[in-house]
1. Would you mind finding the one in 26, 58, 94 that is at pLDDT 90 or above, under 22 Å from the mean Cα position of the chain (by Cα) and assigned to a helix (DSSP H, G or I)?
2. Looking at 123, 137, 170, 93 in this structure, which one is surrounded by fewer than 17 Cβ atoms within 10 Å (Cβ to Cβ), acidic (Asp, Glu) and out of contact with any Phe, Trp or Tyr (no Cβ under 9 Å at 6 or more places or on another chain)?
3. Would it be correct to say that residue 79 is among the polar types (S, T, N, Q), in contact with a Cys (Cβ under 7 Å, 6 or more places away or on another chain), free of Cβ contacts under 8 Å to residues at least 60 places away in the same chain and closer than 30 Å to residue 23 by Cβ?
4. Within segment 173-194, can you find the residues that are assigned to a loop (DSSP other than H, G, I, E, B) and surrounded by 13 or more Cβ atoms within 10 Å (Cβ to Cβ)?
5. Tell me, which residue of segment 111-120 that is buried (at least 23 other Cβ atoms within 10 Å of the Cβ) and under 15 Å from the mean Cα position of the chain (by Cα) is modelled with the highest pLDDT?
6. For residue 161, all conditions in the list (1) assigned to a helix (DSSP H, G or I); (2) over 22 Å from residue 66 (Cβ atoms) hold save one; what is the number of the exception?
7. Which condition number in (1) hydrophobic (A, V, I, L, M, F, W, C); (2) out of contact with any helix residue (DSSP H, G or I) (no Cβ under 6 Å at 6 or more places or on another chain); (3) modelled with pLDDT under 95 is the one that residue 127 fails?
Amino acid sequence: MERFWERVRAQAMSGEGIGREDALAILSLRNDALWRLLDVTEAVRRRFKGDGVRLCSIVNAKSGLCSEDCSFCAQSSRSGAGIGRYPLLSGEEIFREAAGAKERGAREFSIVASGLAMRNREELTRVGDAVERIRTELGLETCVSLGTLPPSDVEYLLSRGLRSVHHNLETSRSFFPKVCTTHDYEEDVAAVRA
């Protein structure tokens, strides 16, 4: 087993990554091997990212009210979770949340909104205004998670000072229809590529 860890560590430290067989072997490890895995991943993190930690804070800028039926999400139309439901916060509310996050030590701030996408231009402009104000007045790096943004919306937000866009592919293409039926996997792929 020690040779396995030496090989995995060397591959990861070289930057080439590990192969599929090793990844599957890691997934099937017993719990008592977790410490060995953490040792390897910590070495890789230090090698490529150093000792620094960047604190990022988020604001749930729009909660609930999602038409999508993603089975994993508390904000989906099929969820029974007792979450707050409210429309997009005002630009001033988003800014106040960012200012509070900065006071608590955040260096990055993310604006997160429920829903498949920002279909309303006024909402996108409100987010863009908030991004620019947060960057210029607070000096915080900003990112967003706003659903499936088309490239033109990403470009608009970048022009306002946005650093990055988050969008997750929660599962594989083949399993996606079991997780979500209200939009296609390819929409998520297109958002990641944008």
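1. 94
2. Of 123, 137, 170, 93, the one residue that is surrounded by fewer than 17 Cβ atoms within 10 Å (Cβ to Cβ), acidic (Asp, Glu) and out of contact with any Phe, Trp or Tyr (no Cβ under 9 Å at 6 or more places or on another chain) is 93.
3. No; evaluated as a whole, the condition is false for this residue.
4. Answer for segment 173-194, where residues must be assigned to a loop (DSSP other than H, G, I, E, B) and surrounded by 13 or more Cβ atoms within 10 Å (Cβ to Cβ): 180, 181, 182, 183, 184, 194.
5. 111
6. Going through (1) assigned to a helix (DSSP H, G or I); (2) over 22 Å from residue 66 (Cβ atoms) one by one, residue 161 breaks only (1).
7. It fails just one condition, (3).
The values are calculated or read from the model by the stated rules, or taken from the named source; none is laboratory data. Since this is a predicted model, take the numbers as computed values, not measurements. With ideal geometry, Cβ positions are generated from the backbone for all residues, glycine too; neighbour counts draw on all protein chains shown.
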